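In what follows, a single structure is set out as C-alpha cells and then discussed.
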Amino acid sequence: MKSTSGNAGGAQKKKMHGYVGFSNYPNQIHRRSVKNGFNFTLMVVGESGIGKSTLINTLFDSKIFSDREELPPNADPIKGVDITSMSADIQENGVKLRLTVVDTPGFGDSINNEDAWQPILENIESRFDAYLAQENRVNRSKISDNRIDAVIYFVKPTGHCLRAIDIEFMKRLHTKVNLVPIVAKADTLTAKELEQFKTKLLADINYHGIQIFKPVSDEFDDAETVADNRSILSKIPFAVIGSEKFVERPDGTSVRGRSYPWGIIEVESEEHNDFMKLRQMLLRTHMEELKDSTDIVLYENYRTQKLLSMGHVQDNGVFREYNPVVQIEEDRRAHEAKMNKMEGEMTAVFQQKVQEKESKLKQSEEELYARHKEMKTVLEKQRSELDEKKRRAEATVRPTTPMEQQTTKGKKKNIFSGF
Amino acid sequence: MSAPANDVQDYVGFDTITQQMERKFLKRGFNLNVILVGESGMGKSTLVIRKTTEIAPVTQMLEENGVRVKLTIVDTPGFGDQCNNEGCWVPVIKYIKDQHAAYLERELKPNRERIIVDTRVHACLYFLNPGSRGLRPLDVEVLKRLTEVTNVIPVIAKSDSMTIEERTAFKRHIKEELAFHRIMLFPYASDDDADDDRVLNASIRELIPFAVVGSEEVIEVEGKLIRGRRHGWGVINIFDETHSDFVHLRNFMLRTHLSDLIEVTSQRHYEQFRTSQLRQIKELRAQQAAAAASGGAPPAQPQVPLSVMQHQPMTQV
C-alpha cells in the first residue's frame, strides 16, 4: 500500500502520542455482528449408528436431532444417501447463532457404497452454486449463506486403518469443504490402541494427500493462542464420545457421560476423550476461521473453476473503475467512429463505381465520335465524288450558247420540230 | 419305538456303554472347526488370538482332562471391507462347501479311511456391528446364505462400546429382525429335545447375539491377573459375566453344545450337501448317457470328479 502523503516509499509507522480511539473499531464490529447474528452450517457424515445425532446434541447442548425412531424389521432400508437438514436458533450471552446441521443418513449402509460420496458432493456444490448466483444478482442486499462450513467425518474405531470408503470420501471432498475427521465411539479403544490408531490414520491421510482442517498459528497470535493451537493440533484426529444423558459418579456428582458396569466415562473429561478439544476448536476458537476458509479459499476456488469451465476469460479490463458518464461518452465515440468508418467505406465504393461508369461512358462516347467522324468522312467523300460527277456531267452537256438557251425554249420546236 | 422299555431287574451292565463311548472319544479326540466372519477391526482375531491374511485355517491342539480337541479357526480377512461389497460372501461360502465336498469325496472312495479327518466347518461366528440400528443389508444377505450351509452363531464384538441398556435394546432388535428374515440360528429347536435341553436352548437363545469383549492382554487388578482391557475409566474383565457374555459363549460352544455342533453339522448341513451333490451327479450321468446314446461319442469321463461338481452350486450362492 503506497501512501500518497508524499513519502518516497511505503507507509511509515507513526507512533501515537495520545489516545485517538480507533482501537475501538473491533468493538464496533463486535457490536454490529452481535446485532446481525451469525450462522454456521455443519455437515455430519458417517454410517448409521455411529453417533452423529448424539454428538451434535452434545456439542450444542440442545436436542437438534430427535431420537431415532424404531423402524420395524420390514421397513425398507434407505437406498443410497439422503440429505436432510435441521436448523436451530440458539443463543448464548446475547449472541445469536443460526445453526444448521446437515445429516446424511444412508451413507455407508448399503452393500455397494461405491458412489456414496456423490450425492454429498452434489449437495455441497449446489450450495456453492446458489451462493454464486446470489452474488451475481443485481440486487445483492439480501444474500443467504448456506454453504457448508465444516464436515465432521465419523471414522469407525476399528483400530486398524482408514477403510476404503473413508479414503474415497475424503479424497473426493477435501478440496471442497473443511474436513474434520473424528474417531467415533472412542470408548471402544484403550489409550494405547487410540494412540496407535491416530498415528495410523494421520499416516494414511498424508499418504493419500488428503487436506484436513488444522489450526495454524500466525505471527499475530499471542503466546496463549499459539499454545492452544498446538495442543489442539496434537489431538487431531479427535477421539470423541457423546452423551445426552447424565450419570451419577460414585461421589454423588452428576456428569454427562456413559455408565458401564466397569466404570463411568465422562464426556467432558479431557482424560477420557477429546470432546472438549473438538468443541473448543469448532465453536470457541476456530469457528470464524472455518467460515473464512469456506468463503475465501474453498468458495473462491470453486467459483474460479466453475467460471473458467464455463468459458469466461479473465478480462483485466473490468478492473478499471466503472463511471457511467464516461462509459456513455466512450460508447458514443465508438459508435461515431464506427459510423464514420462505414460512411468512408461507402463513399469510396460509390466513387469507385462512378469512376467506372464515367470511364465506360467516355469510352462509348469516343467510339461514337469516332464512328461519327468516320461516317462524315465517308459522306464527304461521297459528296465530293458526286460533285465531281456532276461537274463532269455538266461539262459534257455545255456546248449550247446563251441564245440557244433562250431560243431553246422557243426553238425547241423549230430545230427539233423539223425532224 | 414299538417295543416297551422294561427296567431290567438284575444289573446287566450295558449302561456302561456311555463310558465306553467316552473312552472312544478320549482316544480319538475331537475336531472342532470354527470360521469367523466379519469386517476388519471387529475384533475377530483378538477373540481367538491368532492372525491370518487369507482364508486359511489355523490349528491348535487343546487338551483338558485327557480330552483332546483339535481346534481349527478360520478367519476371513477383507470381508466386507470394500466400498462395493457385492459378492463378498462368495469365498466364504465356497470354503465351507469345499470342506463338505472334501469329506464327501473321501466318504465315497471305495477304500476309505476308517476315521475320516473332519475339516467341515462346525460353527460360524458372525460378527455384528455394534451401534447399528439392527441388521445391515449386508448382514441380512450373508446370514441368509451362511445359515444354509453351517451353524451360525451371531456375536457382537467390541461390545464394550455399548451400555447395558443399549445392549439389551440392540439384542432385542436383532432378534426381531432375524425372526422377520427367517434366519435359522443354532441351536435349532427340535421336537425330540428333552425338557432340560429345551430350557438350556431357550436360555441360550435369550443371550443371542453374544456380546463379547476380547483381549490379548493380561492385566493386573487388585493383585489378581485377569484377561481384560484397561480404560481410563475402568477395567473390563472379559470373564466377568456382567461385563461380557464371553463366558457364556465359551460354555455354550465348548462345554455344553460341542457335540451338538459337530453332530448337527454332520447330520443336517452335510447330509443336505451330500443329497444335492449326489443328485447332481446322477443327473449329469444321465445327461451324459443320453448324449452317448444319441451322439455315439463316449463321455470323456465316466466318473465325474467332485471338483467339477462343486462349481455348480455356486450359481445358487
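Every number here is computed from the coordinates shown, using simple stated rules; none is lab data. Bear in mind the structure is a predicted one, so any value in this text is a computation, not a measurement. Here the Cβ positions follow ideal geometry from the backbone for every residue, glycine too, while neighbour counts run over all protein chains shown.
What is the angle, in °, between the Cα long axis of helix A:324-396 and the longest principal axis of the Cα atoms in chain A? Nearest 10 is fine, range 0 to 90. So the inclination is approximately 20 degrees. If one computes P(r) from the Cα atoms of the protein assembly as shown, what percent of pairs lie at distances over 38 Å? Percentage above 38 Å: 60. Under the simplified labelling scheme, the A:His208-B:Gln20 pair shows an inter-label distance of 6.5 nm, with each label point 7 Å from Cα along Cα→Cβ.
Share of Cα-Cα pairs in the range A:319-361 beyond 11 Å, in percent? Could the numbers behind the result be given before it?
Numbers: 641 of 903 pairs.
Across the range A:319-361, Cα pairs with separations above 11 Å total 71 percent.
Sorting the segments A:335-342, B:163-170, B:221-228, A:160-167 by their residues' average number of neighbouring beta-carbon atoms within 10 angstrom, most packed first, yields A:160-167, B:163-170, B:221-228, A:335-342.
Magnitude of the charge dipole for the protein assembly as shown, about its Cα centre and with charges confined to Cβ atoms of Lys, Arg (+1) and Asp, Glu (-1), is about 5260 debye.
Tell me the relative contact order for chain A as a rounded percent, counting alpha carbon contacts under 8 Å between residues six or more apart. Numbers along the way, then the final one.
Values: 423 pairs, mean separation 47.7, N = 419.
Rounded, it is 11 percent for chain A.
Just to confirm a number: summing +1 for Lys and Arg and -1 for Asp and Glu over residues other than B:Ile17 whose beta-carbon lies under 13 angstrom from that of B:Ile17, what do you get?
Numbers: positive: B:Arg23, B:Lys24; negative: B:Asp15, B:Glu22.
After counting each charged neighbour, the total is 0.
First measure r as the distance between the Cβ atoms of A:Gln351 and A:Lys381, then evaluate 1/(1 + (r/R0)^6) with R0 = 45 Å and state the FRET efficiency to the nearest 0.05.
FRET efficiency, A:Gln351 to A:Lys381: 0.50.
Ranking A:Gly80, A:Leu298, A:Ala150 by Cα position along the charge dipole of chain A, where only Lys, Arg, Asp and Glu carry charges on their C-beta atoms, puts A:Leu298 farthest toward the positive end.
For the range B:14-147, a simple Cβ point-charge model (Lys and Arg +1, Asp and Glu -1, everything else neutral) yields a dipole of about 360 debye relative to the Cα centre. Rg over Rh for chain A works out to 1.67, both radii taken from alpha-carbon positions and Rh defined as the Kirkwood radius.
Work through the residues other than A:Thr396 whose Cβ is under 12 Å from its Cβ and net out their charges, Lys, Arg +1 and Asp, Glu -1. Intermediate results must be reported in sequence, preceding the final value.
Working: positive: A:Lys389, A:Lys390, A:Arg391, A:Arg392, A:Arg398; negative: A:Glu394.
Local charge sum for A:Thr396: +4.
Among the listed pairs A:Lys35/A:Lys96; A:Lys214/A:Lys291; A:Lys185/B:Lys158; A:Lys96/A:Lys176; A:Lys35/A:Lys142; A:Lys79/A:Lys156, those whose Cα-Cα separation exceeds 18 Å are A:Lys96/A:Lys176; A:Lys79/A:Lys156. Positive-end ranking of A:Gln327, A:Ser364, A:Met346 along the dipole of the range A:327-395, with charges on Cβ about the Cα centre, is headed by A:Ser364.
Quick one: net charge of B:Lys70's neighbours, Cβ under 12 Å, K/R +1, D/E -1?
Values: positive: B:Arg28, B:Arg68; negative: B:Glu63, B:Asp118.
Taking every other residue near B:Lys70 into account, the sum is 0.
Comparing A:Lys362, A:Lys214, A:Lys185 in a Gaussian network model of chain A where C-alpha atoms under 10 Å apart are linked, the largest mean-square fluctuation is found at A:Lys362. Across the range A:40-55, the residues whose backbone nitrogen lies under 12 Å from the label position 7 Å along the beta-carbon direction of A:Glu244 are A:52-55. Between 0 and 90 degrees, the angle of helix A:223-234 with respect to the longest Cα principal axis of chain A falls at about 90 degrees.
The three principal axes of the C-alpha atoms in the range A:247-304 carry coordinate ranges of 58, 19, 15 Å, sorted with the longest axis first. The distance between label points at A:Ala164 and A:Asn136 comes to 3.9 nm (points 7 Å beyond Cα on the Cα→Cβ vector).
Rg then Dmax, both in Å and based on the Cα atoms of the range A:186-286: 15.9, 49.
Counting Lys and Arg as +1 and Asp and Glu as -1, each charge on the Cβ, what is the dipole of the range A:327-395 about the Cα centre in debye, to the nearest 20? Walk me through the intermediate numbers first.
Working: 17 positive and 17 negative charges, 129 e Å.
Around 620 debye, computed over the range A:327-395.
Taking beta carbons within 10 Å but only from partner chains, what does the mean come to for residues A:109-116? Write out the running numbers ahead of the final one.
Working: counts 5, 6, 14, 8, 5, 5, 2, 1.
Mean partner-chain Cβ count within 10 Å for A:109-116: 6.
For the peptide B:131-144, the mean number of other protein chain Cβ atoms found within 10 angstrom of a residue's Cβ is 4.
Please compute the volume of the convex hull spanned by the alpha-carbon atoms of the range A:327-395 and report it per residue in Å³. Could you put the intermediate results ahead of the total?
Numbers: hull volume 3.2 nm³, N = 69.
Hull volume normalised by residue count: 46 Å³.
Output the 0 to 90 degree angle, nearest 10, between the alpha-carbon long axis of helix A:191-207 and the longest principal axis computed from the alpha carbons of chain A. Tilt relative to chain A: about 10 degrees.
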